[in-house]
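Undergrad: Take this structure, written in structure tokens, and hold onto it; I'll ask about it next.
The values are calculated or read from the model by the stated rules, or taken from the named source; none is laboratory data. Owing to the predicted nature of the structure, the values given are computational and were not obtained by experimental measurement. Cβ coordinates were reconstructed from backbone atoms using ideal geometry, including for glycine residues, and neighbour counts include every protein chain displayed. Each accessible area value is taken on the protein alone, full model and side chains, heavy atoms only, with ligands, DNA and RNA left out. Shrake-Rupley method; radii C 1.70, N 1.55, O 1.52, S 1.80 Å.
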Amino acid sequence: MIQRIQTVYLALALVATMVLPFVFPLWMLEGNKDFYFMMDMIYVTLFGLSTTLSLFSILSYKKRQHQFVIGRLNIILNLILLGLFVYRSLNLSGATPAVAEKGIGMFLPIVAIVFLVLANKAIKKDEDLVKSVDRLR
């Protein structure tokens, strides 16, 4: 069913990876220029994959186990994205412009991870409920 609480959590994770990166810059470069995720193809790909996984998880609401696995994969993908952000902000080579100030966009994977964990907890709760009802039959 689409009206379950995990669908709301997955939709919020979808918004955190699809809409908010266009609004919030990842960091500020020297010269007060905002750096958005669209300026690097790796970030575009990872945010796109995370969005796709969230959407696919919402649409596969009839298969709870499948939905749970997709949520786990999405959490791992967002952890990789967060790791790339931290690596980029801490360990810059001389060829790239230095990060002057970190933006709120760097924390979007953390927001997505929180919503994905909450969704997976709700999916697990539903799965346990269905298994307990099956035992009574």
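Undergrad: Assuming residue 32 fulfils every condition listed in (1) modelled with pLDDT of 90 or more; (2) surrounded by fewer than 20 Cβ atoms within 10 Å (Cβ to Cβ); (3) polar (S, T, N, Q) apart from one, which condition is it?
TA: Status for residue 32: all satisfied but (1).
Undergrad: Which of the residues that make up the range 53-79 are open to solvent by 80 Å² or more (accessible area, probe 1.4 Å) and within 13 Å of residue 11 (Cα to Cα)?
TA: Once the filter is applied, which keeps residues that are open to solvent by 80 Å² or more (accessible area, probe 1.4 Å) and within 13 Å of residue 11 (Cα to Cα), the range 53-79 yields 55, 56, 59.
Condition check ((1) touching a Leu at 6+ places or on another chain (Cβ under 6 Å); (2) in contact (Cβ under 8 Å) with a residue 40 or more places away in the chain; (3) open to solvent by 30 Å² or more (accessible area, probe 1.4 Å); (4) among the hydroxyl-bearing types (Ser, Thr, Tyr)) across all residues:
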{"site": "10", "(1), (2), (3), (4)": "no, yes, no, no"}
{"site": "15", "(1), (2), (3), (4)": "no, no, yes, no"}
{"site": "22", "(1), (2), (3), (4)": "no, no, yes, no"}
{"site": "28", "(1), (2), (3), (4)": "no, yes, yes, no"}
{"site": "36", "(1), (2), (3), (4)": "no, yes, yes, yes"}
{"site": "41", "(1), (2), (3), (4)": "no, no, yes, no"}
{"site": "45", "(1), (2), (3), (4)": "no, no, yes, yes"}
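Undergrad: Which pairs have Cβ atoms under 8 Å, sit 6 or more apart or on different chains, and link a residue in the range 49-68 that is free of Cβ contacts under 8 Å to residues at least 12 places away in the same chain to one that is among the small types (Gly, Ala, Ser)?
TA: Listed pairs, sorted by first residue: 66/60.
Undergrad: Among the residues of the range 117-131, is there at least one that is under 19 Å from residue 23 (Cα atoms) and either modelled with pLDDT of 85 or more or in a helix (DSSP H, G or I) (or both)?
TA: Residues of the range 117-131 under 19 Å from residue 23 (Cα atoms): none.
Checked against the condition, which is being under 19 Å from residue 23 (Cα atoms) and either modelled with pLDDT of 85 or more or in a helix (DSSP H, G or I) (or both), the range 117-131 yields no hits at all.
Undergrad: Can you say whether residue 82 is at pLDDT below 95, under 15 Å from residue 47 (Cβ atoms), open to solvent by less than 20 Å² (accessible area, probe 1.4 Å) and part of a helix (DSSP H, G or I), as far as the supplied structure shows?
TA: no
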